[in-house]
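Colleague: Structure in structure tokens, see below.
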Amino acid sequence: MQYISTRGTAPVLDFEATMLTGLARDGGLYLPDHVPPMKMSEIASLAGLSYEEQAYLVMRPFIGSAFTDEEFREIIARAYAGFGHPARAPMKQLAPNHFLLELFHGPTLAFKDFAMQLIGQLFQAALKRSGDRVTIVGATSGDTGSAAIEAFRGLENVDVFILYPHGRVSEVQRRQMTTPTESNVHAIAVDGDFDTCQALVKDMFNDFEFRDEVGLAGVNSINWARVLAQVVYYFSAAVTLGAPHRPVSFTVPTGNFGDIFAGYIARSMGLPIEKLVVATNQNDILHRALATGGYVTDGVKPSISPSMDIQVSSNFERALFDAYGRDGAAVAQLMDELKSGGGFQISQGALQYLRETFASGRASEEETAATITRTVGATAEVLCPHSAVGVHVAEANLSATPMVTLATAHPAKFPDAVEAATGTRPALPERMADLFERPERVTRLPNDLSAIESHIRENRTV
Ligand SMILES: *Cc1c(COP(=O)(O)O)cnc(C)c1O
């Protein structure tokens, strides 16, 4: 299996190099050169297996010879051992034909643990073999950073530095980043917003001297290994509901288009997914793009579902690549237009391609809150605001095909919005109930590239 860039000119890489590289050198995103199909009988045989065994069978064709079968099984076992539910991704029923896939039983209570825990183990195994050491640097609005710190804490040959906007993440998110005691994890509170943090990280990657000196590596949502890890739960949910003999639809609360793109890969492998419904909050660039064909950026409006407050949805580039018949030059041109003019028009043919797979909808702030209130009343299920965006949009897209909505975070991660909607403050799961008592460790730094680079140089352990 080889990996190619969506902009067509970066070197072709194998799985391991793709994972360690992250962003392609031509600015594009890596994708497999072909998607390995799964036969009906292979999909059917996943039913009833453990999540780990399903993960092994779904992901194995994508990793080539990077790891032996036994190594890969062990990596998967370690990745999911810390989850607080034996099914890893259990399902609840909300209504006669509507199901909720709970993806928040990982160590930081958001679906990002599924990918990040796996990537931590994959990095560790690859670096052990090569003897290389890396410094992972990432920017976060909350969930990615906590998941990355949790995944890499205590691992050998890796330091992880996470930049978050000072005062702008929830207390649970902050504490998940600042309370781990391992010396290889470093939380940095930056004076600025999420865009400031992201720009600083980008500048570090473009500072080649610094990049080489510290062995900079990225684990943001464009990393192919993260997408791959998320393909698995589409299969696990679908076979539980009768696939491949019965089709299933999914609704996915979306920001960077990573999670829903994993569903697209599952569908491309042969999983009978009828519709993939994009659910956005009031930051609805993806919904507008699918509805009108115009992908036009607009200012970010802070919402009660902050992990989806996104302006430019990076992984959408991967869907565009297929929609344009895998024409890297065409994608590169769209991305140039986006950079210079703030938007682009999707061609008629490409739009038609996208609409065959994707539907879309949005939830306003009021609709999101009302969905939390209504759902707890009807089913006793307490939704986080992101999951509520999904449920609201899914309800407008129900049909004879079973609908699965992805619940992307635990309600206790966003207690203020949930309390406002339900009157009850959601409690943290037992296993992390002492989060508020653990001492915090964080460095506050100004929006200054050289100050942050010096901090990283002086504090990395490897
Ligand atoms: C990251 C995140 C999302 C959005 O996921 P994408 O892959 O960026 O579309 C939705 N909900 C929660 C809770 C998240 O942390």
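Colleague: Per residue, how much accessible area does the range 1-138 have with a 1.4 Å probe, in Å²?
Modeller: On a per-residue basis, 39 Å².
Colleague: A further question follows. Just need the relative contact order of the range 249-317 here, percent rounded to a whole number, with Cα pairs under 8 Å and 6+ apart.
Modeller: Relative CO of the range 249-317 lands at 39 percent.
Colleague: Rounded, prolate or oblate for the chain? Axes are the square roots of the Cα gyration tensor eigenvalues, ordered a ≥ b ≥ c, and the cut-off for rounded is a/c under 1.5.
Modeller: Here the chain falls in the rounded category.
Colleague: Express in nm, to one decimal, how much length is gained between D195 and T292 on full extension, taking 0.36 nm for each residue of separation and deducting their alpha carbon distance.
Modeller: 32.2 nm
Colleague: Further question: Is there a pair in K128/K413; K112/K413; K128/K202; K92/K413; K301/K339 whose C-alpha atoms are over 24 Å apart, and which pairs would that be?
Modeller: Result: K128/K413; K128/K202 exceed 24 Å.
Colleague: With every protein chain in place, what's the accessible area of H85 (1.4 Å probe, Å², nearest 10)?
Modeller: Spelled out: H85, probe radius 1.4 Å, area about 60 Å².
Colleague: List the relative contact order of the range 117-175 as a percent without decimals, with contacts defined as Cα pairs under 8 Å and 6+ residues apart.
Modeller: The value is 41 percent.
Colleague: Round to a whole number: what % of the accessible area of the chain belongs to carbon and sulfur, probe 1.4 Å?
Modeller: Summing carbon and sulfur atoms, their accessible area is 50 percent of the total for the chain.
Colleague: Still on this structure, I have one more. Quote the FRET efficiency, to the nearest 0.05, computed for D26 versus R425 with a Förster distance R0 of 51 Å and r equal to the Cβ-Cβ distance.
Modeller: So, using R0 = 51 Å, E works out to roughly 0.60.
Colleague: Moving on. May I ask you to list the residues of the range 1-42 whose amide nitrogen lies under 17 Å from a point 7 Å from Cα along the Cα→beta-carbon direction of Q333?
Modeller: In the range 1-42, the label zone of Q333 (backbone N under 17 Å from the point 7 Å along Cα→Cβ) covers 6-9.
Colleague: For the range 1-155, what relative contact order do you get, as a whole percent, if you take Cα pairs closer than 8 Å and at least 6 residues apart?
Modeller: 16 percent
Colleague: Here is a further query. Once label points are set 7 Å from the Cα along Cα→Cβ at both A44 and R444, what is their separation, rounded to one decimal in nm?
Modeller: 6.2 nm
Colleague: Whenever you get a sec, line up S305, S399 from highest to lowest accessible area (probe 1.4 Å, protein heavy atoms).
Modeller: Reading off the accessible areas and sorting them downward yields S399, S305.
Colleague: Sticking with this structure for a sec: Could you work out the helix-only [θ] at 222 nm for the chain, with each DSSP H run of four or more residues adding -39,500 (n - 2.57) and the total divided by the number of residues, to the nearest 500 deg cm²/dmol?
Modeller: -13500 deg cm²/dmol
Colleague: Tell me the label-point distance for the pair E213, D14, using the 7 Å Cα-to-Cβ offset, in nm and rounded to one decimal.
Modeller: 3.2 nm
Colleague: Another one. On a straight-distance basis, which aspartates and glutamates could pair with K39 in a cross-link, Cα separation under 20 angstrom, same-chain partners fewer than 8 positions away excluded?
Modeller: Partners within reach: E52, E53, E274.
Colleague: In Å², and per residue, what accessible area does the range 246-296 have when probed at 1.4 Å with the other protein chains present?
Modeller: That works out to 21 Å² for each residue.
Colleague: Against the globular-protein guess of 2.2 N^0.38 Å, express the Cα radius of gyration of the range 284-323 as a ratio, rounded to two decimals.
Modeller: Ratio of Rg to 2.2 N^0.38 Å for the range 284-323: 1.22.
Colleague: Largest first, what is the accessible-area ranking of Y353, Y51 with a 1.4 Å probe?
Modeller: Solvent-accessible surface, decreasing: Y353, Y51.
Colleague: Could you work out how far the C-alpha centroid of the range 185-209 sits from that of the range 90-127, in angstrom?
Modeller: With the range 185-209 and the range 90-127 each reduced to a Cα centre, they are spaced 26 Å.
Colleague: Can you tell me which of 66-73, 226-233 comes out highest on packing, and rank the rest after it, using the mean Cβ neighbours within 10 Å?
Modeller: 226-233, 66-73
Colleague: Ordering S45, S141 by accessible area with a probe of 1.4 Å, largest first, what comes out?
Modeller: Order by accessible area, largest first: S45, S141.
Colleague: Let me ask something else about it. Can you give me the accessible area per residue for the range 413-462, using a 1.4 Å probe, in Å²?
Modeller: 61 Å²
Colleague: Here's another thing I want to ask about it. Need one word for the range 208-325: rounded, prolate or oblate. Basis is the Cα gyration tensor (sqrt eigenvalues a ≥ b ≥ c); a/c below 1.5 gives rounded, then a/b vs b/c decides.
Modeller: In terms of gyration-tensor shape, oblate.
Colleague: Pull up all non-local amide H partners of R7: gap of 5 or more, or a different chain, and H-to-H distance under 5 Å with H placed in the peptide plane.
Modeller: Counting only residues 5 or more places away or on other chains, the set is G28, L29.
Colleague: Measuring from centroid to centroid over Cα atoms, what is the spacing of the range 8-66 and the range 236-261 in Å?
Modeller: Spelled out, the Cα-based centre of one part sits 17 Å from the other.
Colleague: Counting DSSP beta bridges in the chain, what percent are antiparallel, to the nearest 5?
Modeller: 25 percent
The values are calculated or read from the model by the stated rules, or taken from the named source; none is laboratory data. Not measured: the values here are computed from a predicted model. All Cβ positions, even for glycine, are placed from backbone atoms using ideal geometry, and neighbour counts span all protein chains on display. With ligands, DNA and RNA removed, areas are computed over all heavy atoms of the protein, side chains included. Shrake-Rupley method; radii C 1.70, N 1.55, O 1.52, S 1.80 Å.
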